[in-house]
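The values are calculated or read from the model by the stated rules, or taken from the named source; none is laboratory data. Please read all numbers here as calculations on a predicted model, not as lab measurements. Here the Cβ positions follow ideal geometry from the backbone for every residue, glycine too, while neighbour counts run over all protein chains shown. Note: accessible area is taken over every heavy atom of the protein model, side chains too, but ligands, DNA and RNA are not part of it. Shrake-Rupley method; radii C 1.70, N 1.55, O 1.52, S 1.80 Å.
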Amino acid sequence: MYTVDDIQRIFSIGRTKAYQLMCSSGFPAIRLNKKLLVSKEKLEEWIRKNSGKTYNY
C-alpha cells in the first residue's frame, strides 16, 4: 500500500497536491481511520486508464 508520502515521491509533487490527487474523484485511494492509502495494483491500473490525460491541481 502506498501512502501520501509515497505518492509525493512517485509523482514528484508536493504534499498538498498529493492529498488533492488522492482525494479526487476516480482516484483509487481508500481511507483507513485518518490515513489515505492506495494499493500498488490499483495505482498502476489508474495510471494506465488515465495515461495521456492532463490533471491540474
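Couple of notes before you dig in:
- Of the helices (runs of 4 or more DSSP H) lying entirely inside the range 3-57, those containing at least 3 residues that are among the basic types (Lys, Arg) span 40-50.
- Selected residue [out of contact with any His (no Cβ under 6 Å at 6 or more places or on another chain), open to solvent by less than 80 Å² (accessible area, probe 1.4 Å) and modelled with pLDDT of 95 or more] from Ser39, Ser24: Ser39
- Taking the range 26-40 as the range and being of a type in the set (D, E, K, R) and farther than 16 Å from Phe11 by Cα as the test, the residues that pass are Arg31, Lys34, Lys35.
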